[in-house]
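See below for the structure under consideration.
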Amino acid sequence: MAVFENMGLLALTPGMVFMWAIGLILIYLAITRQYEPLLLLPIGFGIMLANLPLTYLMEPGEGLIWRFYHYGIEWEVIPPLIFLGLGALTDFSAVLSQPRLIFLGAAAQVGVYVTFFAAYAMGFTLQEAATIGIIGGADGPTTIYLSAKLAPHLLGASAVAAYSYMAMVPLILPPIMKLLTTEAERKIRMKKGRKVTTREKQVFPLLAAMVIILLVPASAPLIAMFMLGNLFRESKVVERLNEAAQNALMNIVTIFLGISIGASMNAENFLRKEVIFIFFLGLFAFSVSAASGILLAKFMNLFTSNKINPLVGAAGVSAVPMAARVVQKVGANADKQNYLLMFAMGPNIAGVIGTVIAAGIFISILQ
Amino acid sequence: MTTEVFVPLAGSIWQVLVKVGDEIDEDDELVVIEALKMENPVYAPCAGTVSEIRVKKGDIVEDDDVLMIIEEK
């Protein structure tokens, strides 16, 4: 009889079956639409596993996936390792050749703060509100990092919201961009910035790490790893480390990240009305961030003759480099000989750093 | 009169769509540059004949390098 009593089938709840459907939808979107497949595929599978009864996979102290989750995410190991890879993948030329574009990346954090206050007003705790707001930065690892620190019970939902919106950047951004710009503005061709030397690109990660960490020490784990990865890249003398950080290491930690996040989403944790608000507020945060970047670009144009195409402001929502690609496409729709891609990378990369700083500020105030 | 076609954004040459001697119209696609996994066509600035091509598939190009030279009509 013990065999029957221990059968998972008898312990199933309707909530679990519903979660299978969510897992399946993510897997389906990953395979057929290629929506962030590297993450949504393992997340989807992790969700299905987490909702099979009696597996003890997420049992504290003994479960296999609990160990991945505990040592990888709760110990805050995986997001900084991903940042090492992102740093190695990032070329700061676009930022260095036109530093004024950094402001656009900073403006895109407005959505984070507006949503933070909105969520708090709706009854979420300060810690939960910060986690929800940071979704507007559209930066997966930062969202996970902050959520693990401040509101671990929201981690699954906020991570899935962040990655879903990143996947939907090509759908969400264009209407906002068109609404806030005129045809003539979309046609603005930007002047190329100055050429950036190799030496500048080597000094930058060192200097940026020192300055940012001195100002916001709580952002150190992410910023330090990001800038170290970037130094690997720009030093040109550790190609093997650069390569490993970008590819092998990043791929390995992505596997553990995906399955752990998925497995944190059991029915009990996920099927609550707060989760619907999280998705709604996350989308709001994301849209406000994009709009703020565009509006600041228009504002800056009032004071300069070297005009900025306001579309590049929308790339301040991180989602590198999808947001920059969307800017390129929308710009080319208005004028096919307009190449905004590299200009959009400036706010795009500044947006990533801006989101980390915003997260660091939340951590130092709220933890 | 000759016109130089410049690289509008840094990347690698994905495809060269014309060859020396081709007659082209303004706005024809000449080259496709791949940057950030995105294919970006480069269009002819004027009508004419392609007299020299300075890049080939796979080349890494920087901003403002010369892609090709067109003999204007």
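Throughout, read-outs are computed from the coordinates displayed, never taken from laboratory work. No experiment lies behind these values; they were computed from the predicted model shown. Reconstructed Cβ throughout: ideal geometry from the backbone, glycine too, with neighbour counts over all protein chains shown.
Here are some residues: B:39, B:4. Which one is under 27 Å from residue A:196 (Cα atoms), touching a residue at least 60 places away in the same chain (Cβ under 8 Å) and out of contact with any Ser or Thr (no Cβ under 6 Å at 6 or more places or on another chain)?
Answer to the selection: B:4.
Tell me yes or no: at least one residue of segment A:316-328 is over 22 Å from the mean Cα position of the chain (by Cα) and in a loop (DSSP other than H, G, I, E, B).
Taking every residue of segment A:316-328 in turn, none turns out to be over 22 Å from the mean Cα position of the chain (by Cα) and in a loop (DSSP other than H, G, I, E, B).
So residue A:255 clears everything in (1) without any contact (Cβ under 8 Å) to a residue 24 or more places away in the chain; (2) more than 14 Å from every other protein chain (Cβ to nearest Cβ); (3) not acidic (Asp, Glu) except one condition, right? Which one?
(1)
Would you pick out the residues in segment A:331-365 that are part of a helix (DSSP H, G or I), within 14 Å of chain B (Cβ to nearest Cβ) and either acidic (Asp, Glu) or buried (at least 24 other Cβ atoms within 10 Å of the Cβ) (or both)?
A:331, A:341, A:342, A:343, A:344, A:345, A:346, A:348, A:349, listed by residue number.
Identify all residues within segment B:25-39 that are surrounded by fewer than 19 Cβ atoms within 10 Å (Cβ to Cβ) and either more than 11 Å from every other protein chain (Cβ to nearest Cβ) or touching a strand residue (DSSP E or B) at 6+ places or on another chain (Cβ under 7 Å) (or both); write none if there are none.
Those that are surrounded by fewer than 19 Cβ atoms within 10 Å (Cβ to Cβ) and either more than 11 Å from every other protein chain (Cβ to nearest Cβ) or touching a strand residue (DSSP E or B) at 6+ places or on another chain (Cβ under 7 Å) (or both): B:25, B:27, B:28, B:29, B:32, B:34, B:39.
Mind checking which pairs have a first residue in segment A:50-74 that is on the phi > 0 side of the Ramachandran plot and a second that is acidic (Asp, Glu), Cβ under 8 Å, 6 or more apart or different chains?
The qualifying pairs are A:56/A:62.
Give segment A:29-43 a look and list any residue that's surrounded by fewer than 14 Cβ atoms within 10 Å (Cβ to Cβ) and part of a helix (DSSP H, G or I), or say none.
A:31, A:32, A:33
So which of A:222, A:249 is touching a residue at least 40 places away in the same chain (Cβ under 8 Å), in a helix (DSSP H, G or I) and closer than 22 Å to residue A:136 by Cβ?
A:222
Would you kindly identify the helices (runs of 4 or more DSSP H) lying entirely within segment A:87-203 that contain at least 3 residues that are within 14 Å of chain B (Cβ to nearest Cβ)?
The qualifying helices (runs of 4 or more DSSP H) are A:93-97.
Among all residue pairs at least 6 apart or on different chains, which show Cβ distances below 7 Å where the first residue, located in segment A:15-40, is of a type in the set (Ser, Thr, Tyr) and the second is buried (at least 20 other Cβ atoms within 10 Å of the Cβ)?
So the pair list comes out as A:35/A:167.
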